[in-house]
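> Take a look at the following structure, please.
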Amino acid sequence: MGSSTALAPGLSRKLKKVLETRTDSSDLLSSLNTLSTFYSENSPQCRRNLRSNVEKRSLSINQEFLQASIAAQQALDRVEEEVDSLAECCDKIAKALSCCNASTGDIMTTTERLKQELQVTTQRQEIVSYFLRDYQLSSEEINALRDEQLDENFFKALAHVQQIHANCKLLLRTHHQRAGLELMDMMAVYQEGAYERLCRWVQQECRRLGDIDNPEVSDLLRTAVRCLKERPVLFKYCAEEVANMRHNALFRRFISALTRGGPGGLPRPIEVHAHDPLRYVGDMLGWLHQALASERELVLALLDPDAATDVGSAPQQFSNGSDNESAKTEADLTFVLDRIFEGVCRPFKVRVEQVLQSQPNLIVAYKLSNTLEFYSYTISDLLGRETALSNTLWVLKDAAQKTFFDILKTRGEKLLRYPPLVAVDLSSPPAVREGISLLLEIIETHNGMMFPASGQRPDFDPVISALLDPIIQMCEQAAEAHKSKGGIQSSRRSRIGPDSTQARKSSVDALLEKTGSATTTQSRETPSRIFLINCLCDIRQPLIGHEVASQYINKLGGMIESHIHGLVDKEVEAILRRCGLSNKMSHFRGSLNKETGVGKPLSELEDTAPASLSDSLKTFFGLILGSENSLPEFEQIQVPSIRSEASVQVARSLLEAYELIYEAIMDPDNQYPDPKSLARHPPDQIRTILGI
């Protein structure tokens, strides 16, 4: 009991250890699998013999391993024997090498020395090759420079010559100055010969281009010109050659376009439309503008190949080079183009002058002037202002403008030479309507014209003045003649035969009733002024809304206002004279001017005595309060607003005159005994009666 109790803790620990053992470990599973191969029966006897069976199995396995390793051990012994033999051989070789080392030392030293000499020689060979490359030409390059037919090899050789020349300048800075000078002289000979040959070739190519209407510049020629720019004198010769060749070619093309037209007759010859001045001149200008664009592109490609891609840009924009080079290229371009287009100036000028001498009508002359002005600005922007073609265009523009103004001057002189008679209704003559219609057509033409961005729109006021000033002078002469012949009656008498006296009298009476109520209130100047107002209004009204005529519209407005004021003043003066108040107004103004000092009262003066003043005011009130035709209404003024304005100004002037009279009468200093009996109506009543 006691022993079992003592063994219990040990069993419990073993049992606990067994229970804590993991059955899923790989080692346990492998052991169990191996055990299952020889532990087939689970019996008490087998369990007691399990330990001995395991030890026997382990022993058999060790014996099998030893048996299997005997062959490997034998192989290792053989390898060891071979290694020993190799070591013995190596010792023999080492001894042989040590013996040979003394005999081969001299050979190694000689070999090392030869290697160093070979390296030095190789370096010298590279230096010589570099020198020949940088300072000498190959036989192929010399042949390329001497060959008359240029190709890419020529330009490569020429570039090499230039590079050698530049290298020689660096060589002069060292102690090899003599060699540098000799090489520079040799390269200079090659270079000068190459440039002369290049110049001849370029001139030959330029002559070939002169025989073609629309030539194309090859890349080889562009390269040649680019190289030739290094020699300004030779480059100038080539530029002159280009100018001369294209000058002759353009002249032939222009004459052909004028007389023969294009290939196959299309487009048709320009001179076919010689009967139409606008189209004839426009076609010539269009042809010249198109030719200028193509010639400019060609010359720019020749003179500045690097800027050939910028032909469509502004004339002074070039791709490469400084500002001085760009300016020089632009000057060369202008010189060549000026020479090219110099030949077409005379035939073009002769034909345009023939058109101008053919006496075109006014509208055609104006359109020609504007067309020539547009192309003058356009071609001056492309070609330059101080060139033959630009100067020709400006001269022709001035000639066309002079022709236009000469036509206007002739027309105006004719109008002034034969001024029309004033119509019975005082309306403007037909010449006014014709002139305005012509001016409106010119304005429409002016508004539809194209103007270049660089040029200002021409001043249109001289055109308006040249056309309308003679018309206005004609109207003034007609009005003056009408007034000098005795007003309306003289004008009417010149239009009516001697056998119609009664009809003439009735017409004059009717006219007098329309223009101003009574003969005494109608001055001889009134019909003339009304006639001028009608003429000026007929001139001004159609021009309203046209911006180009705004200044002249204001001028006409001022003239109309001036004539209206004159008309109103004459009518008011006539009314006051009829009422006997005209000679009294100076007394009334003097009595109210306190600065002149106090004189006699108005009541004591003869002109302003109460009795005389009473009669005059009665007549004045009679006119104001009388029939509708007692005051002038200017019915023959054809513009209602002007007619109404004139009537209102007459009424306002009469009211101002009455206010002056009323204030003088009511002034106590004038000592009127009963002023209210004289001035029965206050100014407010008169204002109401006059409708102001």
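> Taking segment 253-271, which residues are in a helix (DSSP H, G or I) and loosely packed, with under 13 Cβ neighbours inside 10 Å?
Initial filter on segment 253-271 (in a helix (DSSP H, G or I)): 253-259, 263-265, 270-271.
259, 263, 264, 265 - these are the residues of segment 253-271 that are in a helix (DSSP H, G or I) and loosely packed, with under 13 Cβ neighbours inside 10 Å.
> Continuing with this model, one more query. What are the residues in segment 424-436 that are under 24 Å from residue 635 (Cα atoms) and free of Cβ contacts under 8 Å to residues at least 12 places away in the same chain, if any?
430
> Next question. Can residue 307 be described as modelled with pLDDT of 80 or more and not in a loop (DSSP other than H, G, I, E, B)?
Working: modelled with pLDDT of 80 or more: no; not in a loop (DSSP other than H, G, I, E, B): yes.
No, not satisfied.
> Continuing with the same structure: Give me the pairs: first residue in segment 163-178 and at pLDDT 80 or above, second residue of a type in the set (S, T, N, Q), beta-carbon distance under 9 Å, and six or more apart or on different chains, which are they?
Every condition considered, the pairs that remain are 164/136.
> Looking at segment 359-390, which of its residues are among the charged types (D, E, K, R) and surrounded by 19 or more Cβ atoms within 10 Å (Cβ to Cβ)? Explain how you work it out, then say what you get.
At the first step, the residues of segment 359-390 found to be among the charged types (D, E, K, R) are 367, 373, 381, 385-386.
Within segment 359-390, 367, 373 meet the criteria.
> Continuing with this model, one more query. Taking into account only those residues within segment 324-353 that are β-branched (Val, Ile, Thr) and within 23 Å of residue 272 (Cα to Cα), which is surrounded by the fewest Cβ atoms within 10 Å (Cβ to Cβ)? Steps first, please.
Quick first cut of segment 324-353, residues β-branched (Val, Ile, Thr) only: 329, 334, 336, 340, 344, 350, 352.
The next check asks that each one be within 23 Å of residue 272 (Cα to Cα); those that pass are 344, 350, 352.
Working: 344: 24, 350: 9, 352: 24.
Across segment 324-353, the extreme among qualifying residues is 350.
> If you take the residues of segment 409-443 that are of a type in the set (Asp, Glu) and in a helix (DSSP H, G or I), which of them is farthest from the chain's Cα centre (by Cα)?
Of the residues in segment 409-443, the ones of a type in the set (Asp, Glu) are 413, 425, 434, 441.
Still in the list and also in a helix (DSSP H, G or I): 413, 434, 441.
Details: 413: 43, 434: 39, 441: 29 Å.
Within segment 409-443, the match that is farthest from the chain's Cα centre (by Cα) is 413.
> Go through segment 285-304 and give me each residue that's modelled with pLDDT of 85 or more and either under 16 Å from residue 217 (Cα atoms) or of a type in the set (Val, Ile, Thr) (or both).
Step one: of segment 285-304, the residues modelled with pLDDT of 85 or more are 285-300.
Result: 293, 294, 295, 296, 297, 298, 299, 300.
Residue-wise test of (1) touching a residue at least 12 places away in the same chain (Cβ under 8 Å); (2) at positive phi; (3) part of a helix (DSSP H, G or I).
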| position | (1), (2), (3) |
| --- | --- |
| 638 | yes, no, no |
| 654 | yes, no, yes |
| 660 | yes, no, yes |
| 688 | no, no, yes |
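> Considering only residues that are part of a helix (DSSP H, G or I) and in contact with a Phe, Trp or Tyr (Cβ under 8 Å, 6 or more places away or on another chain), look in segment 667-683 and name the one that is surrounded by the fewest Cβ atoms within 10 Å (Cβ to Cβ). Walk me through it before giving the result.
Narrowing segment 667-683 to residues part of a helix (DSSP H, G or I): 668-670, 675-678, 683.
From the residues that got through so far, the ones that are in contact with a Phe, Trp or Tyr (Cβ under 8 Å, 6 or more places away or on another chain) too are 678, 683.
Numbers: 678: 20, 683: 16.
So, considering only residues that are part of a helix (DSSP H, G or I) and in contact with a Phe, Trp or Tyr (Cβ under 8 Å, 6 or more places away or on another chain), the one surrounded by the fewest Cβ atoms within 10 Å (Cβ to Cβ) is 683.
> Inspect all residues belonging to segment 315-322 and state whether any of them is part of a helix (DSSP H, G or I), buried (at least 18 other Cβ atoms within 10 Å of the Cβ), in contact with a Ser or Thr (Cβ under 8 Å, 6 or more places away or on another chain) and at pLDDT below 95.
Keep residues of segment 315-322 that are part of a helix (DSSP H, G or I), which gives none.
So far as segment 315-322 goes, no, none of its residues is part of a helix (DSSP H, G or I), buried (at least 18 other Cβ atoms within 10 Å of the Cβ), in contact with a Ser or Thr (Cβ under 8 Å, 6 or more places away or on another chain) and at pLDDT below 95.
> List every residue pair whose Cβ atoms sit under 9 Å apart, with the two residues 6 or more apart in sequence or on different chains, where the first one lies in segment 117-142 and is closer than 17 Å to residue 179 by Cβ and the second, anywhere, is of a type outside the set (Phe, Trp, Tyr) and exposed (fewer than 11 other Cβ atoms within 10 Å of the Cβ).
Note: no pairs meet the criteria.
> Another question, if that's okay. Restricting to segment 366-388, what's the tally of residues that are part of a loop (DSSP other than H, G, I, E, B) and on the phi < 0 side of the Ramachandran plot?
Selection size over segment 366-388: 3.
> If you don't mind, another one. Here are 403, 445, 410: which of them is within 22 Å of residue 363 (Cβ to Cβ), among the hydroxyl-bearing types (Ser, Thr, Tyr) and out of contact with any helix residue (DSSP H, G or I) (no Cβ under 7 Å at 6 or more places or on another chain)?
Criteria check complete, one pass: 410.
> Inspect all residues belonging to segment 132-146 and state whether any of them is farther than 30 Å from residue 161 by Cβ and among the β-branched types (Val, Ile, Thr). If you could, list the steps in order and put the result at the bottom.
We begin by selecting, within segment 132-146, every residue farther than 30 Å from residue 161 by Cβ; these are none.
There is no residue in segment 132-146 that is farther than 30 Å from residue 161 by Cβ and among the β-branched types (Val, Ile, Thr).
> Yes or no: segment 198-212 includes at least one residue that is part of a loop (DSSP other than H, G, I, E, B) and either among the hydrophobic types (A, V, I, L, M, F, W, C) or farther than 24 Å from residue 301 by Cα (or both).
Residues of segment 198-212 part of a loop (DSSP other than H, G, I, E, B): 211-212.
This time we only want the ones that are either among the hydrophobic types (A, V, I, L, M, F, W, C) or farther than 24 Å from residue 301 by Cα (or both), so: 212.
Scanning segment 198-212 turns up at least one residue that is part of a loop (DSSP other than H, G, I, E, B) and either among the hydrophobic types (A, V, I, L, M, F, W, C) or farther than 24 Å from residue 301 by Cα (or both).
> List every residue pair whose Cβ atoms sit under 7 Å apart, with the two residues 6 or more apart in sequence or on different chains, where the first one lies in segment 265-287 and is touching a residue at least 40 places away in the same chain (Cβ under 8 Å) and the second, anywhere, is crowded, with 16+ Cβ neighbours inside 10 Å and assigned to a loop (DSSP other than H, G, I, E, B).
Correct list of pairs: 277/360; 280/274.
> Same structure, new question: Which is basic (Lys, Arg), in a helix (DSSP H, G or I), farther than 24 Å from residue 646 by Cα and in the same structural domain as residue 657 (by TED's automatic domain parsing), of 540, 589, 577? Let's see the steps before the verdict.
Working: 540 fails: farther than 24 Å from residue 646 by Cα; 577 fails: farther than 24 Å from residue 646 by Cα.
Sole residue among the options that is basic (Lys, Arg), in a helix (DSSP H, G or I), farther than 24 Å from residue 646 by Cα and in the same structural domain as residue 657 (by TED's automatic domain parsing): 589.
The values are calculated or read from the model by the stated rules, or taken from the named source; none is laboratory data. Here the structure is a predicted model, which means the values were calculated and not measured. Cβ sites come from the backbone with ideal geometry, for glycine too, and all protein chains shown count toward neighbours.
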